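Student: This is the structure I have questions about; it appears just below.
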Amino acid sequence: MSALADRYGRRFPYLRLSIIPACNFRCTYCLPHGYKADPQAAGPLSLDEIRRLLTGFTHMGMHKLRITGGEPSVRRDLTDIMRTAAAVPGLTKLAMTSNGTLLNRRLGEWMDAGLNALNISIDSLDRACFARITGYDRMQKILEGIDMALDAGLPSVKLNAVLMRGVNDDQLPRWLDYLRDHRVGVRFIELMQTGDNLAFFRDHHVRAIELETQIREQGWQELPRAADAGPAREYRHPDYAGRIGIIAPYSKDFCAGCNRLRVTATGDLRLCLFGEFGIPLRPLLQSDDQVEDLVRAIGGQIGRKEQGHFLHDGRTGIIPHLASTGG
Ligand code: SF4
């Protein structure tokens with residue numbers, strides 16, 4: 001059924017939708033000076049526009065949606081967006097990536113609205129290090145929220161940690177202590193170059209293979225990957241309740257298993273996170289009668305998807321920072 005397939009035989013059951021570019025943190029590798037609104041920019045997609053977008057994509061075989069930002073919980077109608085998404089026929093997995101600042105207050109209503117998978121961006125379990133990276137001393141509250149999500153039985157709880165040389169790349173023992181009794185997946189993500197972070201990237205990029213070698217030597221076993229799974233190589237160990245994921249965009253063949261498309265907060269389709277162009281879909285989200293035009297437009301673009309990124313050539317495409325497209 002899926003019309004969401006490219007010329008390399010890859011299928012795209014997974015859509016990442018940024019619902020707002022704003023964020024309430026100022027992470028060193030992304031928005032070190034905080035989010036600055038562009039007064040010229042159009043506002044984010046409305047609830048109706050989002051519903052029409054998701055209807056078009058599910059018509060083409062998409063079934064997994066990840067809500068991203070900036071920080072999605074900055075949008076006051078986030079719960080309405082979740083409820084709307086969960087009601088779209090064919091959409092079976094509703095995930096979100098958040099920095100967790102409102103988790104301990106809003107988790108219940110998000111789960112009632114249909115949320116069934118959560119990724120929390122938390123780059124360190126060291127309180128001072130966390131505050132240095134994000135600009136805020138909020139780690140404890142976020143960890144409490146994560147425990148609430150586990151206690152509430154949320155089917156999938158994962159933590160995303162960006163690896164940075166000389167910042168947090170020596171903290172594996174601490175993560176292992178946490179994973180001994182926390183049933184989460186901690187994913188270590190290679191720091192990626194974007195349009196705005198070249199100097200930081202040069203100072204702090206470290207390949208994930210170093211950490212991956214360490215965990216393999218400690219007996220962690222690699223697991224098979226599901227078709228709609230994220231890009232991580234997943235590991236488990238019999239002595240630990242939690243799992244480890246390695247996301248290494250600079251590794252060979254990283255893009256061979258690409259299974260996701262992105263749409264920005266203002267409705268631009270991005271065939272790749274590091275793509276050189278966006279395709280405006282918003283004009284096709286103005287009435288329910290446009291769903292066939294939308295499907296035709298999306299289908300007509302898939303063939304332009306490149307085989308992979310060009311990060312090794314220092315080409316980062318049109319994204320100034322990850323918040324602009326939701327990573
Ligand atoms: S870099 Fe682009 S092609 Fe590669 S996995 Fe990410 S989105 Fe897919």
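Student: Take Gly145 and tell me if it is in contact with a helix residue (DSSP H, G or I) (Cβ under 7 Å, 6 or more places away or on another chain), at pLDDT 95 or above and closer than 25 Å to Pro32 by Cα.
Tutor: Answer is yes for this residue.
Student: Continuing with this model, one more query. Testing Gly230 on (1) within 14 Å of Lys158 (Cβ to Cβ); (2) within 18 Å of the chain's Cα centre (by Cα); (3) touching a residue at least 12 places away in the same chain (Cβ under 8 Å); (4) surrounded by fewer than 19 Cβ atoms within 10 Å (Cβ to Cβ), one condition comes back false. Which one is that?
Tutor: Unmet for Gly230, out of (1) within 14 Å of Lys158 (Cβ to Cβ); (2) within 18 Å of the chain's Cα centre (by Cα); (3) touching a residue at least 12 places away in the same chain (Cβ under 8 Å); (4) surrounded by fewer than 19 Cβ atoms within 10 Å (Cβ to Cβ): (4).
Student: Among all residue pairs at least 6 apart or on different chains, which show Cβ distances below 7 Å where the first residue, located in region 291-317, is more than 18 Å from Ile279 (Cβ to Cβ) and the second is of a type in the set (S, T, N, Q) and within 16 Å of the ligand (Cβ to nearest atom)?
Tutor: Leu311/Gln193; Gly314/Gln193; Thr316/Gln193; Thr316/Thr194
Student: Within region 15-50, which residues are more than 21 Å from Gln193 (Cβ to Cβ), open to solvent by 20 Å² or more (accessible area, probe 1.4 Å) and not in a loop (DSSP other than H, G, I, E, B)?
Tutor: Across region 15-50, the qualifying residues are Leu47, Asp48.
Student: Among the residues of region 143-160 satisfying the criterion of being assigned to a helix (DSSP H, G or I) and among the hydrophobic types (A, V, I, L, M, F, W, C), which is nearest to Asp123 (Cα to Cα)?
Tutor: Step by step, filter region 143-160, then rank; the result is Leu143.
Student: Let me ask another. Condition test on Gly257, is it modelled with pLDDT under 95, open to solvent by less than 20 Å² (accessible area, probe 1.4 Å), within 16 Å of the ligand (Cβ to nearest atom) and in contact with a Lys or Arg (Cβ under 9 Å, 6 or more places away or on another chain)?
Tutor: no
Student: Could you list all residues from region 238-254 that are near the ligand (Cβ under 9 Å from one of its atoms) and either under 21 Å from Gly69 (Cβ atoms) or of a type in the set (D, E, K, R) (or both)?
Tutor: Correct list: Pro249 only.
Student: Taking the residues in region 306-327 that are within 12 Å of the ligand (Cβ to nearest atom) and surrounded by fewer than 19 Cβ atoms within 10 Å (Cβ to Cβ) as candidates, determine which candidate is farthest from Tyr250 (Cα to Cα).
Tutor: Glu306
Student: Within region 260-302, restricting attention to residues that are touching a Gly at 6+ places or on another chain (Cβ under 7 Å) and away from the ligand (no atom under 16 Å from the Cβ), which residue is most open to solvent (accessible area, probe 1.4 Å)?
Tutor: Pro280
Student: While we're on this one: Please name all residue pairs, on different chains or six or more residues apart, with Cβ atoms under 7 Å, provided the first residue is in region 203-225 and is touching a residue at least 24 places away in the same chain (Cβ under 8 Å) and of a type in the set (Gly, Ala, Ser) and the second residue is open to solvent by less than 90 Å² (accessible area, probe 1.4 Å) and part of a helix (DSSP H, G or I).
Tutor: Taking only residues 6 or more apart or on different chains, not a single pair turns up.
The values are calculated or read from the model by the stated rules, or taken from the named source; none is laboratory data. Predicted model, so just to flag it, every value in this text is computed and none were measured. Backbone-built Cβ (ideal geometry, glycine too); neighbour counts: all protein chains shown. Heads up: the accessible areas ignore ligands, DNA and RNA and are worked out on the full protein's heavy atoms, side chains in. Shrake-Rupley method; radii C 1.70, N 1.55, O 1.52, S 1.80 Å.
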